[in-house]
Amino acid sequence: MNRIDQIIISFENTFFKPYLGNVPSPYSEKEKSMLPRKSKKIAADLMRVNHSGEVAAQALYLGQIIATDDPNTKTKLKDAAKEELEHLKWCSVRLAELEDKPSLLSPLWFLGCLSLGYFVGKFGDEYSFSFLAETESQVAHHIKDHLEKLPKEDHISKNILNKMLEDEISHRDNAYQSSNKDLPQSLKNLMRFGGHCLRQLSLRI
Ligand SMILES: [Fe+2]
Ligand SMILES: [Fe+2]
């Protein structure tokens, strides 16, 4: 499959398939949307941010996949990206259950992260895996923060985030095993700033 086809398929998976047929999340329970209005709004805002993060993850992985020529690296990245697609579906379904919508800026996150993933990937697989490990580490940190901020009665979102956290930590550890190159602190700070912008904007738009 050529690169353009891969981008089109990933774009479809990211923006259309998670909404098709209103697939129930494995974490949905009978108590669906029984949250008080205020808690529902807090949960929806947080899950919108997580949804944006998963859109970004799809695009970053895709950028890195098409940038590498090594089949082994491609397989490792594709395996993790499959789990990220599950995260995206769960966040989409949960957002709909909370009667909210994804960030209007989602296409921007996708295009920005696709370019970033490709750019980083072109520096070589070692660098790409180190970047991935740092990204997953920052994502895990942010999910822990959201787990504390979610209303205590929203067990469904908590279950989703707990499973996502488990997967992100495993992605981070797998990436560290593939490369132990240390990234410059300035790049790590820049990544943190990018993540901060994505979260703040997705909370509002
Ligand atoms: Fe994820
Ligand atoms: Fe991940």
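What follows draws every value from the coordinates through simple rules; no lab data is involved. What you are looking at is a predicted structure, and each value in this text was computed from that prediction instead of being measured. Heads up, the Cβs are rebuilt from the backbone with ideal geometry, glycines too, and the neighbour counts pull from every protein chain shown.
Quick notes on this one:
- Distance between the modelled labels on residue 1 and residue 82, one decimal in nanometres: 1.2 nm (7 Å Cα→Cβ projection).
- Mean separation of Cα contacts under 8 Å, 6 or more apart, over the residue count of the chain: relative contact order %: 29 percent
- Of 41/78; 76/152; 101/188; 40/78; 76/122; 74/101, pairs whose Cα-Cα distance is over 28 Å: 41/78; 76/152; 101/188; 40/78; 74/101
- Simple label model, 7 Å out from Cα along Cβ direction - residue 193 to residue 205, nm: 1.8 nm
- The calculated 222 nm mean residue ellipticity attributable to helices in the chain amounts to -26500 deg cm²/dmol, summing -39500 (n - 2.57) over DSSP H runs of n ≥ 4 and dividing by all residues.
- Helix 185-204 and the longest principal axis of the Cα set of the chain meet at an angle near 30°.
- Applying the Kirkwood pairwise sum to the alpha-carbon positions of the stretch 68-205 produces a hydrodynamic radius of 16.1 angstrom.
- Backbone phi angles across the stretch 141-155, fed through the Karplus curve with coefficients 6.51, -1.76 and 1.60 (θ = phi - 60°), yield HN-Hα couplings of 4, 6, 5, 4, 4, 5, 4, 6, 7, 5, x, 5, 7, 8, 5 Hz in residue order; Gly and Pro are listed as x.
- Gain on full stretching of the segment that runs from residue 180 to residue 99 - 0.36 nm per residue minus C-alpha separation: 24.9 nm
- A Cβ-based charge dipole, computed about the Cα centre of the chain with Lys and Arg at +1 and Asp and Glu at -1, lands at about 700 debye.
- Mean Cα-pair separation over length for the stretch 74-180, i.e. relative contact order, pairs under 8 Å, 6 or more apart, %: 34 percent
- To the nearest ten degrees, helix 106-121 and the longest principal axis of the Cα atoms of the chain are 30 degrees apart.
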